[in-house]
Amino acid sequence: MDFPGWDGFLGTRASLMLDVVCVGMIVVVAVLGWSIRQVRRHQRYELHRRVQLGLAGFLLVVLTVFETDVRLHGWQARAAGEIGGKASTAVLATLTVHLCFAVSTVLLWIAVLFMAWRWFPVPAEPNSHSFTHRRWARLAAWDMVLTTVSGWVFYVMAFVV
């Protein structure tokens, strides 16, 4: 089929940006886990701060390009497997679950980054905000994992099955 936009590289009906985001989120979760390990096991607070800011910048750029691509070229025809087609109810339900995690992740990350910027010194080191940061950052990290998993479930249901 000749869908609008560029075809992806994973051999499915998905667009290039859908493939980039799906693979990119696995990398983001792996780097996130590594960064958390650096601060928890090795007390590399400044490295953790820099990695988290880098991830936030990377996600901002990739998700902006992704959203632009989806708005310009759509996704439902690719999900349906035909030009002008619509996604199934099951695919739309899966997308709804994914978007709940994705939106809450964005909001949590913004809050955690803002509070860290506001309350941690440069260079980063533990202080009275550390307990609160750990609690909210843990929630944001798990939300990121659930965003990635639900995104892959959506991807498989929409573009593989």
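The values are calculated or read from the model by the stated rules, or taken from the named source; none is laboratory data. Quick caveat, the model's predicted, so the values are computed rather than measured. Virtual Cβ from ideal backbone geometry, glycine too; neighbours counted across all protein chains shown.
Of all residues in region 105-160, those that are closer than 27 Å to residue 13 by Cα and of a type in the set (Ser, Thr, Tyr) total 5.
When residues in region 65-90 are screened for being of a type in the set (Ser, Thr, Tyr) and within 18 Å of residue 8 (Cα to Cα), 1 of them pass. Evaluated against (1) over 24 Å from residue 122 (Cβ atoms); (2) touching a Ser or Thr at 6+ places or on another chain (Cβ under 9 Å), residue 12 falls short on exactly one condition, (2).
Can you spot a residue in region 104-113 that is among the aromatic types (Phe, Trp, Tyr), surrounded by fewer than 17 Cβ atoms within 10 Å (Cβ to Cβ) and touching a residue at least 24 places away in the same chain (Cβ under 8 Å)? Looking for residues that are among the aromatic types (Phe, Trp, Tyr), surrounded by fewer than 17 Cβ atoms within 10 Å (Cβ to Cβ) and touching a residue at least 24 places away in the same chain (Cβ under 8 Å), one finds none in region 104-113, hence no. Counting only helices (runs of 4 or more DSSP H) that sit completely within region 1-99, those holding 3 or more residues that are farther than 30 Å from residue 130 by Cα, touching a helix residue (DSSP H, G or I) at 6+ places or on another chain (Cβ under 7 Å) and touching a residue at least 24 places away in the same chain (Cβ under 8 Å) correspond to 16-42, 45-73. Applying the selection to region 1-36, what residues are among the charged types (D, E, K, R) and over 16 Å from the mean Cα position of the chain (by Cα)? Within region 1-36, 2, 7, 13 qualify. Among the residues of region 124-161, not one is closer than 14 Å to residue 33 by Cβ, basic (Lys, Arg) and either at pLDDT below 95 or surrounded by 14 or more Cβ atoms within 10 Å (Cβ to Cβ) (or both). Residues that are farther than 23 Å from residue 12 by Cα and among the hydrophobic types (A, V, I, L, M, F, W, C) within region 27-58 comprise 30, 31, 32, 34, 36, 39, 47, 51, 53, 55, 56, 58, listed in sequence order. For region 1-39, a residue qualifies if it is surrounded by fewer than 15 Cβ atoms within 10 Å (Cβ to Cβ) and not charged (D, E, K, R), and the qualifying residues are 1, 4, 6, 9, 11, 23, 26, 27, 30, 33, 34.
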